[in-house]
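Here's the structure, in structure tokens; my notes come after.
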Amino acid sequence: MAYKPELLATAASLEELRRLIAAGADAFVIGEARYGTRLAGEFTLEMIAEAVKIARPHGVRVYAALNNLMDNEAAESLNTYVSTLADVGVDAFVFGDPAVLMAARSHAPGIALHWNAEMTSTNYVTANYWGRRGATRYVLARELNMEQVIDTAAASDLEVQVQVHGMTNIYHSKRSLVGSYLDHQTEPERLPQKDKDRGLYVMEAERQDERYPIYEDINGTHIMSSDDICMVENIHELLEAGVSSLKIEGIMKSMDYNETVVRSYRQAIDSYLSDPEAYAFNEEWLEAIQQIQDPNRELSYGFFYKEQVY
Amino acid sequence: MTTIEKTTPRYQGKRHRLAKPELLAPAGNLEKLKFAVHYGADAVYIGGQKYGLRSNADNFSFEEMKEGVEFAKRYGAKVFVATNIYAHNEDVEGLEEYLRALEHAGISAIIAADPVIIETAQRVAPKLEVHLSTQQSTLNWQAVQFWKEEGLPRVVLARETSFKDIAEIKKHVDIEIEAFIHGAMCSSFSGRCVLSNHFTDRDSNRGGCCQSCRWKYDLFVDDMPMYDEEEDKFTMGSKDLCMIEYLPELIEVGVDSFKIEGRMKSIHYVATVVNVYRQAIDAYFEDPEHFELKQEWIEEINKAANRPLNTGFFLDEPGAEDHIYEPEEKAAPYDFAGIVVDYDPKTSFATIQQRNHFKVGQEVEFVGPEGTFFKQTVTEMTDIEGAGLEAARHPLQQIRIRTLKPVKPMDMMRKKLGRK
């Protein structure tokens, strides 16, 4: 079978979904915060159904986000939720809690399962472990380097998904940390909203150039990376490795931004696939992104070319 | 109930309920292991040279593990090894050999989060029990059910679970539940924090955590600071967990293993905390109807505490009062001054191994297992040859002092920190 990697995007609304389909996205992760973690926007079941209707004629797939760490209450409502999602016609469940596996097996058999526990998906043996338990895809931790990504793609029996663009989560707490801090202060009412559209960030004394976005939602407090991964220049390395899915994370970005990014990666991927031997990177793909990039946020290679110690 | 397709062996049979919950203590090295066991831990968990999350601790060699297991056996206690990293591809090589060596050393269980370690242990070292680490952040009973069907006899719950959550889990799944009841806590979901990776290129999920959650941060909205000059800065740092006041609730909700955090903590800390929980658990089981929290237990815990204490997520979600915005005072108010190595009832002189400076005229406390406790002033002090001394200055020096009451080997002598 011909190698056909997928360009995976997120969407904050049905409108963004339509625009990113037009820009070249092959698939989307959408959902609601009760079940999904750190979503670009909130999609009710009705909206997910609508998204499937919009996407299907284009051959575009819709994956439902169920990647929260579930509490008992959420876990107990999973059976109904997964069977409804199956009826709606989503193509896969993205999950990071075994409770979802249990629910999917009994109430939505046949739906593909993508294991995504974010920072804890770090080796090929564990990929295959989840594969034997029903997962079809392993979403790699963003903290892996290129060599580890290539080795895992080669040694895993599952599809491998890698984030190629956008911000990443670097800390997730169940606590309401911004709220607690404000309560501790002398004027606790100074900040009425703490959600991801508020433009909140933290800065550390010795890292004054780095702004780490922070926000709260029903799943707790989230701190995000100060840089955006951008692998468009080196996308061929991931394509050569046979990575199945390349994800553009669109959380906390404008629709225009995500559209530009999707278009650049689409062009790069199509160019590579049309003739891998003759592929050459076109600077315009990167320049288009640079022009719209927030100057306070560096475009980086994430951990792809870094060595970490411990 | 769904069936699970799997290739690993399942846990066979129903486990016997423990008569009492297990008191599980950390042991950063062999000496700490001995103190934890001597002061009443039913089991200790340690780190080996690889696969553990405390790469800075002076972790155990296999020889030390064997000695630790032998020592623990004399008290009927068990030794567990934390193999709780999330492994990268390069960590896979050598794993089988390591796990077999743990089994050979007489280790009772490993505490693991990553399926590669869980599955490999089940395959190559079947005598090792596999306990699911808190690093998996397990919060619900379906996930617990999943791990039970995977053959695990015990799950260490996420530190975000409440009494209500634990009751729900115990109601649905017959499996041993281990919960942290005392010590420092990640303020993030365990395993879901890579601050160290981003700030210092150290991999937190392989033992490189540099505790960035306890650093202070400036909070901004757009470019506007969310604090005034005189106000405390933002932090994620949490107070430490202490559940001594809720012991009956922990027992009654059915927690099977009470876990104390702190492989990096001192002998004095571990022995003091274990000592208190041991006495409290035993007192409860002796007479549950008339169990009462003793004020002296709380005082003891406070003598070893490094940070202010709270009840984590057990009762309610933590709020402003559960985090530490003020500058931290690192030191506990009391410290270890010496260990009793011998006692001569004829002369009332104890031989003490020095662990910290102390001198004639200083007020000290003696503490031992099973409630041994008294205060005195150091009056007569000599070296091992009997020559009079004014102060014990040399680390590990053997010192003789007259004690007010009889003491036993491994009793601790502590002093109040600071001048007066």
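Observations
- Close amide H partners of B:C210, meaning residues 5 or more places away or on another chain with modelled amide H under 5 Å apart, are B:S196.
- Shape of the stretch A:171-223, Cα gyration tensor, a/c cut at 1.5: oblate
- Shielding by partners for peptide B:138-150, expressed as the average number of C-beta atoms from other protein chains within 10 Å of each residue's C-beta, is 6.
- Reference-scaled alpha-carbon Rg (2.2 N^0.38 Å with N residues) for chain A: 0.98
- Taking B:S187, B:S61 and ordering them by how much accessible surface each has at a 1.4 Å probe, largest first, produces B:S61, B:S187.
- Across chain B, the mean sequence separation of Cα contacts (distance under 8 Å, 6 or more residues apart), normalised by length, yields a relative contact order of 14 percent.
- Expressed to the nearest 5 percent, the antiparallel share of DSSP beta bridges inside chain A is 30 percent.
- Of B:V221, A:V309, A:V88, the residue with the largest accessible area leads and the full order is A:V309, A:V88, B:V221 (1.4 Å probe).
- Helix-derived mean residue ellipticity, 222 nm - over chain B, DSSP H n ≥ 4, -39500 (n - 2.57), to 500: -7500 deg cm²/dmol
- Sequence-separation-based contact order of the stretch B:42-168, relative, with Cα cut under 8 Å and 6+ spacing, percent: 20 percent
- Protection proxy ranking for B:24-34, B:279-289, B:349-359, A:67-77, using the average of other Cβ atoms within 10 Å per residue and placing the highest first: B:24-34, A:67-77, B:349-359, B:279-289.
- Probe 1.4 Å - accessible area at A:D275, Å² to nearest ten: 70 Å²
- Per residue of peptide B:317-324, the mean number of Cβ atoms on other chains within 10 Å of the residue Cβ is 5.
- All-pairs Cα distance distribution in the protein assembly as shown, expressed in whole percent, bin size 10 Å: 3, 14, 23, 24, 18, 10, 5, 2, 1, 0
- q = 0.12, 0.15, 0.25, 0.31 Å⁻¹, the stretch B:61-118: log10 I(q)/I(0) [Debye, one scatterer per Cα]: -0.30, -0.46, -1.01, -1.28
- Among A:T168, A:T126, A:T152: highest mean-square fluctuation, GNM of chain A, C-alpha pairs under 10 Å: A:T126
- Under 14 Å, Cβ to Cβ, from B:W297 - net charge with Lys/Arg +1 and Asp/Glu -1: -4
- Excluding same-chain neighbours fewer than eight residues apart, the lysines reachable from A:K253 by a Cα-Cα span under 16 Å are A:K196.
- Span-like helix ranges in chain B, DSSP H, alpha carbon extent 27 angstrom or more, Kyte mean at least 1.6: none
- Charged neighbours of B:V221, selected by a Cβ distance under 10 Å, balance to +1 (K, R count +1; D, E count -1).
- Considering only B:I46, B:I107, B:I324, the Gaussian network model of chain B with Cα springs below 10 Å gives its largest mean-square fluctuation to B:I324.
- Applying a DSSP loop filter and a limit of 14 other Cβ atoms within 10 Å to the GluC sites (Glu not before Pro) in the stretch B:60-151 leaves B:E93.
- For A:K306, the aspartates and glutamates whose Cα comes closer than 12 Å to its Cα, not counting residues fewer than 8 places off in the same chain, are A:E143, A:E147, B:D201, B:D203.
- Isotropically averaged projected area of the stretch B:334-416, using the convex hull of Cα atoms (one quarter of hull area), nm²: 4.6 nm²
- Peptide B:184-191 has a mean shielding of 4, counted as Cβ atoms of other protein chains within 10 Å of each residue's Cβ.
- In sequence order, the stretch A:26-35 has phi-based couplings of 9, 7, 9, 10, 9, x, 10, 4, 5, 10 Hz under the Karplus curve 6.51 cos²θ - 1.76 cosθ + 1.60, θ = phi - 60°, and Gly or Pro positions carry x.
- Between A:E277 and A:Y3, the FRET efficiency estimated from the beta carbon spacing at R0 = 22 angstrom works out to 0.95.
- The stretch B:164-205 and the stretch A:134-152 have their alpha-carbon centroids 23 Å apart.
- Under the Karplus curve 6.51 cos²θ - 1.76 cosθ + 1.60, θ = phi - 60°, whole-Hz ³J(HN,Hα) for the stretch A:67-74, x wherever Gly or Pro sits: 9, 5, 7, 8, 8, 4, 5, 5
- Considering only the protein assembly as shown, percent of DSSP beta bridges that pair antiparallel, nearest 5: 50 percent
- Qualifying GluC sites (Glu not before Pro) in the stretch B:322-420, where qualification requires a DSSP coil assignment and no more than 16 other C-beta atoms within 10 Å, comprise B:E328, B:E329, B:E380, B:E385, B:E390.
- Result for chain A in a Gaussian network model with C-alpha springs under 10 Å: among A:Q293, A:Q267, A:Q193, the largest mean-square fluctuation is at A:Q193.
The values are calculated or read from the model by the stated rules, or taken from the named source; none is laboratory data. Bear in mind that the values here come from a model prediction, so they are computed numbers and not experimental data. Reconstructed Cβ throughout: ideal geometry from the backbone, glycine too, with neighbour counts over all protein chains shown. With ligands, DNA and RNA removed, areas are computed over all heavy atoms of the protein, side chains included. Shrake-Rupley method; radii C 1.70, N 1.55, O 1.52, S 1.80 Å.
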